[in-house]
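One structure is given below, encoded as structure tokens.
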């Protein structure tokens with residue numbers, strides 16, 4: 001009787017697919033101890049997410065080339081595969097076989113370490129990105145806070161590579177990147193804090209679940225429109241995308257901290273910036289656009305069709321819809337970011353700092369205060 | 001020994017060796033930029049130790065505050081005043097180093113004594129894991145409210161002080177309002193300290 005109770009409890013606590021449990025059951029059925037099964041399971045989601053991130057980068061690079069071409073009334077990449085879809089592969093291959101140049105008077109140790117330090121925190125942050133109820137690497141309790149903490153490591157890598165290049169443009173670019181990243185982290189964290197206050201949890205899974213009670217209209221974008229705008233602006237600034245790409249402003253600084261880099265080390269920067277863009281878009285869709293949620297709740301559809309939401313086929317369908325929704329929302333935001341990049345001019349450094357400190361920071365504080373007041377006044381709508 | 005405990009032990013050994021060697025590097029390496037980067041590494045390893053102790057919120061806060069803010073600020077300051085000048089040799093450097101080494105060794109001996117004489121076997125409070133975030137928040141706003149507010153007032157004071165030092169026009173108004181400043185300093189000044197900058 002107790003075992004059935006336990007199974008029911010697990011079903012209540014863990015609705016939806018749980019691949020880890022099924023995988024462990026499978027391996028234990030083949031006679032392996034559970035610790036070995038767990039050890040074999042561990043690298044699988046990590047590899048899967050890493051592959052997803054890299055494929056996401058390839059798609060984004062292709063989109064960037066095609067959309068920029070459309071914005072400038074060109075054709076864009078055309079010959080590598082259909083519609084030039086293999087062009088990012090060709091780019092990557094070219095960077096892979098290029099000579100790895102370390103300038104003569106550069107500090108070779110820091111010069112090598114810099115790009116690695118930029119890339120690792122970005123990839124680590126994918127730990128908390130959920131594609132479904134159980135479709136994430138780890139549902140850590142500090143969730144979104146982990147991402148904020150990890151993204152604060154990046155400026156050190158940028159400063160390191162800027163300093164180690166022994167080039168005035170690189171140093172200036174590194175310093176600018178660090179200054180920009182520090183300034184925009186604060187309104188970003190405050191915008192996240194308002195969302196966290198509404199969902200009473202730092203965990204990304206809880207944040208998405210709290211938004212998916214009544215489908216489209218319970219998404220956070222309707223309850224936090226100001227927070228959404230602040231987060232999006234700050235995310236663009238953290239990714240160093242135009243209109244905030246001052247650290248690598250071509251006309252002023254050649255290419256900023258990347259000036260002296262070539263080959264695979266440059267590719268690490270390139271990968272890092274695109275993975276960061278996709279990650280930021282994913283987090284916007286998780287925090288404000290309902291994550292994996294379909295505009296109409298899946299439970300409502302299954303109930304009206306008279307199906308149990310726990311049936312295997314329904315669960316697989318729901319998980320597929322969840323992944324498609326997450327990716328769709330993310331790429332919509334990526335599309336917006338690319339469109340912004342090719343249609344807006346660059347801001348000056350003083351405008352950038354003014355916007356961050358004198359506009360976004362006070363607005364973010366007021367937004368936080370308003371959220372707290374609304375939460376006290378209307379606990380039903382604002383997650384009491 | 002299970003896989004979990006052996007992983008924990010290996011992580012602990014790696015982290016503590018990184019902390020000790022990194023901290024020695026921060027003190028002993030001549031190049032100040034290397035010292036600053038090593039300091040960042042030490043902070044990160046301390047965060048790793050917190051993670052091993054199941055204190056994930058404290059670990060993330062450690063990274064955010066010490067690596068993301070303090071260490072970046074130190075690097076910033078070093079790189080903005082990155083003058084490649086030869087420092088004057090300090091007199092009696094060897095004796096100074098000897099004495100500071102003695103002080104450090106004394107501190108180390110004291111810590112070792114504490115380490116040996118303390119009974120570490122007494123069980124502490126049970127680790128609370130994921131709900132630690134809520135518990136920290138509760139404590140900060142109930143029984144630790146006064147130290148928390150005092151710390152924020154201290155930070156506010158430091159911030160206002162930094163802003164006053166950085167804003168030259170505030171100083172210039174004070175200078176103009178006092179009579180005891182000789183006129184020739186104001187007249188001969190080529191610095192724009194004394195100009196009225198409130199218009200722009």
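The values are calculated or read from the model by the stated rules, or taken from the named source; none is laboratory data. From a predicted model like this one, the values you see are computed outputs, not experimental measurements. In this analysis, Cβ positions are derived from the backbone assuming ideal geometry, glycine residues included, and neighbour counts consider all displayed protein chains.
Worth a mention:
- Pairs are defined by a Cβ separation below 9 Å, a sequence spacing of at least 6 or placement on different chains, a first member in the stretch B:32-43 that is within 10 Å of another protein chain (Cβ to nearest Cβ) and touching a residue at least 24 places away in the same chain (Cβ under 8 Å), and a second member that is surrounded by fewer than 19 Cβ atoms within 10 Å (Cβ to Cβ) and not in a helix (DSSP H, G or I); the pairs so defined are B:33/B:82.
- Selection status of residue A:48, more than 14 Å from chain B (Cβ to nearest Cβ), out of contact with any helix residue (DSSP H, G or I) (no Cβ under 7 Å at 6 or more places or on another chain) and assigned to a helix (DSSP H, G or I): yes
- Any pair with Cβ under 7 angstrom, 6 or more apart, that starts in the stretch B:133-145 at a residue that is without any contact (Cβ under 8 Å) to a residue 12 or more places away in the chain and ends at one that is surrounded by 11 or more Cβ atoms within 10 Å (Cβ to Cβ) and assigned to a loop (DSSP other than H, G, I, E, B): B:135/B:128
- Considering only residues in the stretch B:109-130 that are surrounded by 10 or more Cβ atoms within 10 Å (Cβ to Cβ) and touching a residue at least 40 places away in the same chain (Cβ under 8 Å), the one that is nearest to residue B:52 (Cα to Cα) turns out to be B:129.
- Filter result for residue B:68 (away from chain A (no Cβ under 13 Å) and either buried (at least 19 other Cβ atoms within 10 Å of the Cβ) or in contact with a strand residue (DSSP E or B) (Cβ under 7 Å, 6 or more places away or on another chain) (or both)): no
- Selection within the stretch B:51-65: residues that are surrounded by fewer than 21 Cβ atoms within 10 Å (Cβ to Cβ) and without any contact (Cβ under 8 Å) to a residue 24 or more places away in the chain. The member of this set that is farthest from the other protein chains (Cβ to nearest Cβ) is B:51.
- Note on the stretch A:120-135: among residues that are at pLDDT below 85 and surrounded by 20 or more Cβ atoms within 10 Å (Cβ to Cβ), the one that is nearest to the chain's Cα centre (by Cα) is A:131.
- Criterion (more than 30 Å from residue A:197 (Cβ to Cβ), out of contact with any helix residue (DSSP H, G or I) (no Cβ under 8 Å at 6 or more places or on another chain), modelled with pLDDT of 80 or more and part of a helix (DSSP H, G or I)) met by exactly one of B:155, B:165: B:165
- Sole exception among (1) crowded, with 23+ Cβ neighbours inside 10 Å; (2) over 25 Å from residue B:44 (Cα atoms); (3) at the interface with chain B (Cβ under 10 Å from one of its Cβ atoms) for residue A:227, by number: (3)
- Helices (runs of 4 or more DSSP H) lying entirely in the stretch A:126-202 (those with 1 or more residues that are away from chain B (no Cβ under 12 Å) and under 18 Å from residue A:254 (Cα atoms)): A:168-199
- Among residues of the stretch A:356-377, those that are free of Cβ contacts under 8 Å to residues at least 40 places away in the same chain and closer than 12 Å to residue A:193 by Cβ, counted: 1
- Scan of the stretch A:220-258 for residues that are closer than 18 Å to residue A:360 by Cα and free of Cβ contacts under 8 Å to residues at least 12 places away in the same chain, ordered by number: A:225, A:229
- Test result for residue A:86, touching a helix residue (DSSP H, G or I) at 6+ places or on another chain (Cβ under 8 Å) and either more than 9 Å from every other protein chain (Cβ to nearest Cβ) or under 30 Å from residue A:320 (Cβ atoms) (or both): no
- Filtered by the rule that a residue be surrounded by 11 or more Cβ atoms within 10 Å (Cβ to Cβ) and in a helix (DSSP H, G or I), the stretch A:292-313 gives A:298, A:299, A:300, A:301, A:302, A:303.
- Residue A:152 meets each of the listed conditions (1) modelled with pLDDT of 85 or more; (2) closer than 23 Å to residue A:51 by Cα apart from (2).
- Listed by position, the helices (runs of 4 or more DSSP H) inside the stretch B:22-102 whose residues that are within 23 Å of residue A:176 (Cα to Cα) number at least 1 are B:32-52, B:72-80.
- None of B:41, B:106 is crowded, with 18+ Cβ neighbours inside 10 Å, at pLDDT 90 or above and on the phi < 0 side of the Ramachandran plot except B:41.
- Some residue of the stretch A:165-172 being in contact (Cβ under 8 Å) with a residue 60 or more places away in the chain, out of contact with any helix residue (DSSP H, G or I) (no Cβ under 8 Å at 6 or more places or on another chain) and farther than 30 Å from residue A:318 by Cβ: yes
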